[in-house]
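Below you'll find the structure, written out as structure tokens, and then a few comments.
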Amino acid sequence: MPAPSLNRPQRAAVRTLSGPLLVLAGAGTGKTRVITYRIAELIKHGVKPGRILAVTFTNKAAREMKERALGLLGRKRRGASAPEISTFHSLCVRVLRRHITLLGYPSAFSIYDRGDQESVARSAIRDIRVGHEKLRPGDLLAQISAWKGASVHAEQALELAETDKQQLAAMAYERYQAALRAAGAVDFDDLLLCTEQLFREHPEARFAEASRFDHLLIDEYQDTNGLQYRIVRALAERHRNICVVGDDDQSIYGWRGAEVAHILGFANDWPDAKIVKLEDNYRSREPILQLANTLISHNSARHDKKLRASRGGGDAPRFLRFEDETAEAQAVVREIRQRIDATGEDRVSPSDIAVLFRTNEQPRAFEMELRRERVPYVLVGGMSFYDRKEVRDLLAYLRVLANPSDEVSLLRIINTPPRGIGTGTVQTLLSDAVAQGQPLWNVLPSALHDGRVPHAAAERIELFRRMIDAYRARLGQEPLGDVLRQLFDTIDYRSELERVYKTPADVEARWNSVEELVNAVAQYAARADQPSLLGFLEETALAGREDMRDDKTDKRQVHAVTLMTLHSAKGLEFPHVYMVGMEEGLLPHQRSVADGGQQIAEERRLCYVGVTRAQDTLALTLSKARMKWGKLRPAIPSRFLMEMRGETDRAQRIAEASSARHQEDAAKHDGAPKKRAAKKRPAKRTAKKRSAAKPEKKPETARRRATGSTNT
DNA sequence: CCCTGCGCTTTTTTT
DNA sequence: AAGCGCAGGG
């Protein structure tokens, strides 16, 4: 790796080897490079690598940083201990593995991902409903996440809840959390929440963890939430060697509880902090940076800084408008094709191109066109390997082996493949489990004596239970890969695939995933120091959204156009960027238009992040109309397009038009349920049936009702 | 118990 | 347009 020289402020940051250090750095100024060089510098000055902890935003960033830091030190050091570089979540998992029993969780706790969380959320809200005021799993999870980010536990949420919806969510939160605890499971937020609680309630554990490191470095500090902030403080208060790096203009995770106040208040938290500003942008050509600077200047509450472009020249960014999203995708993809096919200096490698968008439904049209034009592409954050149904099924088996209390996983596999244990039987057993306050797994043996469970089903359950137990017993004894292969053989998953999927090609594709999973386990077993099923599951849970580190996929990706959301693009750069769907309702997103102020500012930062990803060329595209639920809707150009060109008045008018339209939509949305309720007889009937138990939708009654149903 | 088809709802970003 | 829940037949 060539070592480009550092400029003066960068050097100053790298050479500050102790004490609190804040690096306030704009986009493309070499933030990550400062951290990497500083790690290498510390080691050169005799700090043991193992005493350094660096925290990054993604696992991918962590891997890359580790590579580079070790590269700077030369190969001979590779054998020695390495600095610890990981995400907050990985860090917390490791802490919790050592201490979580102090909090009453099993040491083999499961980590629930989004899909698992939705299952739990769904059953938590099942009968919490007042009038037409209902809660959707997604809404509940968002609210819970917001509370957890602010360290609000379930019991406190009830008191804090203000709106009716929040009241409902608070009640569901209690159930949700109870279900997780009963399953010996934690969700992603719990990883942080539990760690914070551990540090607060068990000083000896905090001391042990804080003593592992003498230097702490944190990248993307503007995106830390309250939990992360307190964990950082707990870890750094002893040695005070804390270096944080970030850019307040790139704070885009406010919805997850991130607060810019943490980076802006760093100097207050650590009064002796040294502050370094980086304002020389080495990434983007001057006209691109100009656009970005003008755009972000529309945000009022920010640390004022102007980025200087060190790369002059370059084309002015283009603004392109199309009839609809199909035309938009066609035009962009056709242009990409031409750039790839060009000869000589104009030739562009697919991997130098990125298409950035706001929401996950946008790439659909682009995928279609890219396939049609046979342009290689990678969709980042889309359906990953670990989201495939067959992989999730088999992973559920593994998770039950590791932790039989894991109810979501147990429910998923108890009749997959179908083995004659129907929903009726499962419901009976589930209510037994609830009545006895036991995990479902523990009441399975009682099925044989439970008169309500059909004899045939009870026998199937017993077979299933013994099978799982037998494999559990083999876990520590035989190689992991062998055990799993035989397990998948025993349940005859191959036949299940043949039954469900009609064409041989489908079956083959699905079976390939199964084999890939077995391979992934084998690879893990070969790589890990002390391979364990738990370790494997932990890796898949934390890195699941990323692509598997499969050589084949890696090679394909090297030559592919990147499709991703603006959020995933943070920290990356591409020579050629297309920002698509630059419309009101998408960017800024509808839900931010509703709230105005704060939220629009975050959308503006998101747009800023997008623009500053581009090195050489940038195209911003939009459609005049866009399909929504099968209907074509006219679109308003994004106010940000006007803002970045300095047309502030026009931007203002668009903002007004956009809110007006949002009001209309909201009115329509509110009116619709009335119509539906009036139109539909069946709806009335259900309402009548329930009416005996269902009073008006008052908050207090709502609480009583839903609390009552918690017991059932 | 298991499968199919119909109708209803659907509005963001992710470790 | 698509995924989910529910009803009805094998």
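The values are calculated or read from the model by the stated rules, or taken from the named source; none is laboratory data. Keep in mind that what you see is a predicted model, and the values were worked out from it rather than measured. With ideal geometry, Cβ positions are generated from the backbone for all residues, glycine too; neighbour counts draw on all protein chains shown.
As a summary of the residue check, A:Gly131 satisfies the conditions (1) more than 10 Å from DNA strand B (Cβ to nearest atom); (2) modelled with pLDDT of 85 or more; (3) of a type outside the set (D, E, K, R) except for the one numbered (2). Using the structure shown, decide if A:Phe319 is crowded, with 18+ Cβ neighbours inside 10 Å and of a type in the set (Phe, Trp, Tyr). Here the answer is no, as A:Phe319 does not meet what is asked. Selection of region A:142-154 for residues being outside any loop (DSSP other than H, G, I, E, B) and out of contact with any Asp or Glu (no Cβ under 7 Å at 6 or more places or on another chain) yields A:Ala142, A:Gln143, A:Ile144, A:Ala146, A:Trp147.
Residues that are farther than 30 Å from A:Leu448 by Cβ and out of contact with any Ser or Thr (no Cβ under 9 Å at 6 or more places or on another chain) within region A:465-493 comprise A:Pro479, A:Gly481, A:Asp482, A:Arg485, listed in sequence order.
Counting only helices (runs of 4 or more DSSP H) wholly contained in region A:324-416, the ones carrying 1 or more residues that are farther than 30 Å from A:Leu444 by Cβ and of a type in the set (D, E, K, R) occupy A:325-341, A:363-372. When we screen A:Ser658, A:Ser638 for residues that are within 13 Å of DNA strand B (Cβ to nearest atom), of a type in the set (Gly, Ala, Ser) and modelled with pLDDT of 50 or more, the only hit is A:Ser658. Scanning region A:217-251 for residues that are surrounded by fewer than 22 Cβ atoms within 10 Å (Cβ to Cβ) and of a type in the set (A, V, I, L, M, F, W, C) yields a count of 2. No other residue among A:Asn442, A:Asn415 is within 12 Å of DNA strand B (Cβ to nearest atom) and at pLDDT 80 or above apart from A:Asn415. Scanning region A:624-653 for residues that are of a type in the set (A, V, I, L, M, F, W, C) and within 16 Å of DNA strand C (Cβ to nearest atom), we see that the one that is surrounded by the fewest Cβ atoms within 10 Å (Cβ to Cβ) is A:Trp629.
Table: residues versus (1) in contact with a Phe, Trp or Tyr (Cβ under 9 Å, 6 or more places away or on another chain); (2) surrounded by fewer than 16 Cβ atoms within 10 Å (Cβ to Cβ); (3) modelled with pLDDT of 90 or more.
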position: A:Ala505; (1), (2), (3): no, yes, no
position: A:Asn512; (1), (2), (3): no, yes, no
position: A:Glu515; (1), (2), (3): no, yes, no
position: A:Gly571; (1), (2), (3): yes, no, yes
position: A:Glu584; (1), (2), (3): no, no, yes
position: A:Gln598; (1), (2), (3): no, yes, no
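Condition (residue is surrounded by 14 or more Cβ atoms within 10 Å (Cβ to Cβ), within 15 Å of DNA strand C (Cβ to nearest atom) and not aliphatic (A, V, I, L, M)) applied to region A:326-344: is it met by at least one residue? Yes, the conditions are met somewhere in region A:326-344.
A quick yes/no check of all residues on (1) over 14 Å from A:Gly257 (Cβ atoms); (2) charged (D, E, K, R); (3) touching a strand residue (DSSP E or B) at 6+ places or on another chain (Cβ under 6 Å):
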| position | (1), (2), (3) |
| --- | --- |
| A:Leu193 | no, no, no |
| A:Leu217 | yes, no, yes |
| A:Gly226 | no, no, no |
| A:Arg230 | no, yes, no |
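Name the residues in region A:373-387 that are away from DNA strand C (no atom under 14 Å from the Cβ) and in contact (Cβ under 8 Å) with a residue 12 or more places away in the chain, would you? Selection gives A:Glu373, A:Val375, A:Pro376, A:Tyr377, A:Val378, A:Leu379, A:Val380, A:Gly381, A:Ser384, A:Phe385, A:Tyr386. Test A:Thr612 against the criterion of being modelled with pLDDT of 95 or more, more than 16 Å from DNA strand C (Cβ to nearest atom), over 18 Å from A:Lys570 (Cβ atoms) and not aliphatic (A, V, I, L, M), and give yes or no. Here the answer is no, as A:Thr612 does not meet what is asked. For region A:561-594, taking the residues that are away from DNA strand B (no atom under 11 Å from the Cβ) and β-branched (Val, Ile, Thr), the one that is farthest from A:Arg605 (Cα to Cα) is identified as A:Val561. Among the residues making up region A:483-499, those that are assigned to a helix (DSSP H, G or I) and surrounded by 14 or more Cβ atoms within 10 Å (Cβ to Cβ) are A:Val483, A:Leu484, A:Arg485, A:Leu487, A:Phe488, A:Tyr493, A:Arg494, A:Glu496, A:Leu497, A:Glu498. The residue of region A:101-123 that is modelled with the highest pLDDT, among those that are more than 11 Å from DNA strand B (Cβ to nearest atom), buried (at least 22 other Cβ atoms within 10 Å of the Cβ) and outside any strand (DSSP E or B), is A:Phe109.
If you go through region A:372-385 and keep only what is modelled with pLDDT under 90, out of contact with any Lys or Arg (no Cβ under 7 Å at 6 or more places or on another chain) and not β-branched (Val, Ile, Thr), you end up with A:Leu379, A:Gly382, A:Met383, A:Phe385.
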